[in-house]
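**Student:** I am attaching a structure below and will ask some questions about it afterwards.
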Amino acid sequence: MAVFTIGPDDGLYYEHRRPSQDDGATFVFFNALTGDTGAWEASIGPALREAGHGTLMWNFRGQKDSPFSSPEVISADGIVDDAIKLIQAETPRRPVYVGLSIGGLFAAQAHLKGVAREGSMPCEGLLFINTLRKFGPRLDWTNRAAHRAALVGGGRLIQDLMLPHLTGPAWQAANSAKFLQDEPYEPLDPDSGPARLLAAGIGADWNVAYEKLAMPTTVLSGLQDHVFYNAGAIAELTKRLPNAEKIDIADIGHLVTMERPAAITRACLALADRLN
């Protein structure tokens, strides 16, 4: 296990494998707040490496195997700064940023903030997976409700409440029996990593300078996402991206890594082809 040191008691678990082909890209994965590297490594990472590309996966402070010294160090800005430090240290070859949900926001911010720093390397491509959204009362309410549900009943309560709205019917039919179990919910410690990460999502800044993201970009949306998907907002924000292609998948929802990981692999490979 490799841990990139941020401070005496702070670090980032990461896995970096360089491209095996001279023209290969390195896909740098940005997790969702409730995810970890396992979402990418189950099938997406191995398939990309088999095609000759590299991968850099990492967990935010507060996620699995990434220690943090105090609750206050976990924030949206802190996640972005950590990403820049890790990428600067690891110097991935031909980096392509891939972000799931709010991870895509952090990826965009890491590029925009990082290119102004000495020694930074701009990413060559971006893949937004159910990322694009406009901040407003509904999104704020949703973020705060998820955090509150975690403090009341932990991850199981969030899953029971939100998975029917975040996934497609095929996944629901195959997996619904695993949920709504007759067991008491267990609240999260408000100072735990998962709780602090959900709180960090509340304070995230969604005002992105999309016009400055000039690299080849793919916007992938699962249309069964009934929490974050807004067709009008996504269309508006996609138009602000100078070099964007759009992929809509009708029968899946928000958690594409769980429902249709092969779709992410295909989107990554197609984006790599655009770089060349």
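**Student:** Can you give the direction-averaged projected area of the convex hull of the alpha-carbon atoms in the stretch 1-94, in nm²? Mind dumping the intermediate values first?
**Tutor:** Working: hull surface 23.4 nm².
Here the figure is 5.9 nm², rounded to one decimal.
**Student:** Turning to a different aspect of this structure: Most mobile of ASN207, ASN31, ASN143 per a Gaussian network model of the chain (Cα springs, under 10 Å)?
**Tutor:** ASN207
**Student:** What number comes out for the charge environment of ILE129, summing +1 per Lys or Arg and -1 per Asp or Glu over other residues with Cβ under 13 Å away?
**Tutor:** Working: positive: ARG133, LYS246, ARG260, ARG266; negative: ASP225, ASP248, GLU259.
That works out to +1.
**Student:** At 222 nm, what helix-only mean residue ellipticity would the chain give, in deg cm²/dmol to the nearest 500, using -39500 (n - 2.57) for each DSSP H run of four or more? Write out the running numbers ahead of the final one.
**Tutor:** Values: 10 runs with 114 residues, N = 276.
Result for the chain, helices only: -12500 deg cm²/dmol.
**Student:** Hey, another quick one. Show me, for the stretch 256-269, the HN-Hα J-couplings you get by feeding each phi into the Karplus relation (A = 6.51, B = -1.76, C = 1.60, θ = phi - 60°), rounded to Hz, glycine and proline as x.
**Tutor:** Listing the rounded values in order: 5, 4, 8, 8, 8, x, 4, 5, 5, 4, 4, 5, 5, 5 Hz.
**Student:** With the contact rule set at Cα under 8 Å and sequence spacing of 6 or more, what percent relative contact order holds for the stretch 197-276? Write out the running numbers ahead of the final one.
**Tutor:** Details: 81 pairs, mean separation 27.1, N = 80.
Rounded, it is 34 percent for the stretch 197-276.
**Student:** Under a plain spin-label model, where a point goes 7 Å from the Cα along Cα-to-Cβ, how far apart in nm are ARG266 and ALA170?
**Tutor:** 1.0
**Student:** On to the next question. Go ahead and run the numbers for FRET between ASP191 and LYS134, Cβ-Cβ distance against an R0 of 35 Å, rounding to 0.05. Before the final figure, lay out each step's value.
**Tutor:** Details: r = 31 Å, r/R0 = 0.88.
Once the sixth-power term is evaluated, E becomes 0.70.
**Student:** Let me ask you something else. Figure the gain on full extension for GLU183 and LYS64 (residue separation times 0.36 nm, minus the Cα-Cα span) and round it to one decimal in nm.
**Tutor:** Values: separation 119, 0.36 × 119 = 42.84 nm, distance 2.45 nm.
Contour length minus Cα-Cα distance gives 40.4 nm.
**Student:** Work out how much length ALA231 to VAL152 would gain on full extension: take 0.36 nm times their residue separation and subtract the Cα-Cα distance, in nm to one decimal. All intermediate terms of the calculation are to be shown ahead of the outcome.
**Tutor:** On the way: separation 79, 0.36 × 79 = 28.44 nm, distance 3.19 nm.
Gain in length upon complete extension: 25.2 nm.
**Student:** I've got another one for you. What is the antiparallel percent of DSSP beta bridges lying wholly in the chain, to the nearest 5?
**Tutor:** Values: 9 of 34 bridges.
Taking every DSSP beta bridge with both residues in the chain, the antiparallel ones total about 25 percent.
**Student:** Could you compute Rg(Cα) / (2.2 N^0.38 Å) for the stretch 41-97, with N its residue count?
**Tutor:** Values: Rg = 13.5 Å, N = 57, 2.2 N^0.38 = 10.2 Å.
Expressed relative to 2.2 N^0.38 Å, the Cα Rg reads 1.32.
**Student:** Hey, what did the chain get for relative contact order, percent, Cα under 8 Å, at least 6 apart? Show your work: numbers first, answer last.
**Tutor:** Working: 520 pairs, mean separation 57.1, N = 276.
Computed over the chain, the figure is 21 percent.
**Student:** OK, next. Any chance you could count the Lys pairs in the chain whose alpha carbons are under 14 Å apart, treating pairs 8 or more apart or on different chains as valid?
**Tutor:** Details: LYS85/LYS113; LYS113/LYS212; LYS134/LYS239; LYS212/LYS239.
So the count of such lysine pairs works out to 4.
**Student:** Please order ASP82, ASP22, ASP36, ASP182 by the number of other Cβ within 10 Å, starting at the fewest. Present the calculation step by step, with values, prior to reporting the outcome.
**Tutor:** Values: ASP82 23, ASP22 7, ASP36 18, ASP182 4.
The order, fewest Cβ neighbours first, is ASP182, ASP22, ASP36, ASP82.
**Student:** Further, regarding this structure: List, in order, the whole-Hz ³J(HN,Hα) value for each residue of the stretch 216-223 obtained from phi through the Karplus relation with A = 6.51, B = -1.76, C = 1.60 and θ = phi - 60°; use x for Gly and Pro.
**Tutor:** x, 9, 10, 10, 9, 10, x, 6
**Student:** Would you mind getting me the FRET efficiency between ALA51 and ARG240? Use the beta-carbon distance for r and R0 = 35 Å, nearest 0.05.
**Tutor:** Working: r = 31 Å, r/R0 = 0.87.
The formula returns an efficiency of 0.70 here.
**Student:** Taking amide H positions as placed 1.01 Å from N in the peptide plane, with prolines and chain starts having none, which residues 5 or more places from THR218, or on another chain, fall under 5 Å of its amide H?
**Tutor:** LEU126, LEU127, PHE128, GLU245
**Student:** Give me the number: length gained by fully extending LYS212 to GLU41, i.e. 0.36 nm times residue separation minus the C-alpha to C-alpha distance, one decimal in nm.
**Tutor:** On the way: separation 171, 0.36 × 171 = 61.56 nm, distance 3.02 nm.
My answer for the length gained is 58.5 nm.
**Student:** Can I ask one more? Can you compute the modelled spin-label distance between ASP248 and ASN276, with each label point 7 Å from Cα toward Cβ, in nm?
**Tutor:** Going from the ASP248 label point to the ASN276 one covers 3.1 nm.
**Student:** Would you mind telling me which residue in GLN159, GLN181, GLN109 has the biggest mean-square fluctuation in a Gaussian network model of the chain, where springs connect alpha carbons within a distance under 10 angstrom?
**Tutor:** Comparing GLN159, GLN181, GLN109 in a Gaussian network model of the chain, the most mobile one is GLN181.
**Student:** For PHE179, what charge total do you get from the other residues with a beta carbon under 13 Å from its beta carbon, if Lys and Arg give +1 and Asp and Glu give -1?
**Tutor:** On the way: positive: ARG156, LYS178; negative: ASP160, ASP182, GLU183.
Result for the local shell: -1.
**Student:** By counting other Cβ atoms within 10 Å of each Cβ, how are MET121, MET215 ranked from fewest to most?
**Tutor:** Values: MET121 15, MET215 19.
Listed from fewest to most nearby Cβ atoms, that is MET121, MET215.
**Student:** While we're looking at this one, here's another question. What are the equivalent ellipsoid semi-axes of the stretch 190-276, built from the alpha-carbon gyration tensor (square roots of five times its eigenvalues), in whole angstrom, biggest first? Write down the numbers at each step before the final one.
**Tutor:** On the way: eigenvalues 118, 68, 43 Å².
Working from the Cα gyration tensor, I get semi-axes of 24, 18, 15 Å.
**Student:** Which net charge results for the neighbourhood of THR238, defined as the other residues with beta-carbon distances under 14 angstrom from its beta-carbon, given Lys and Arg at +1 and Asp and Glu at -1? Please report the intermediate quantities before stating the final value.
**Tutor:** Values: positive: ARG133, LYS134, LYS239, ARG240, LYS246; negative: GLU211, GLU236, GLU245, ASP248.
Cβ neighbours under 14 Å give a net charge of +1.
**Student:** How large is the Kirkwood hydrodynamic radius of the stretch 90-156, counting all unique pairs of alpha carbons, in Å? Don't skip to the answer; put the middle values down first.
**Tutor:** On the way: mean 1/r = 0.0713 Å⁻¹.
Over the stretch 90-156, the inverse of the mean reciprocal pair distance is 14.0 Å.
Values in this text are rule-based calculations from the coordinates and carry no lab data. Treat the numbers as computed from the prediction; the structure is a model and nothing was measured. Please note: Cβ atoms are built from the backbone with ideal geometry, for glycine as well, and neighbour counts cover all protein chains shown.
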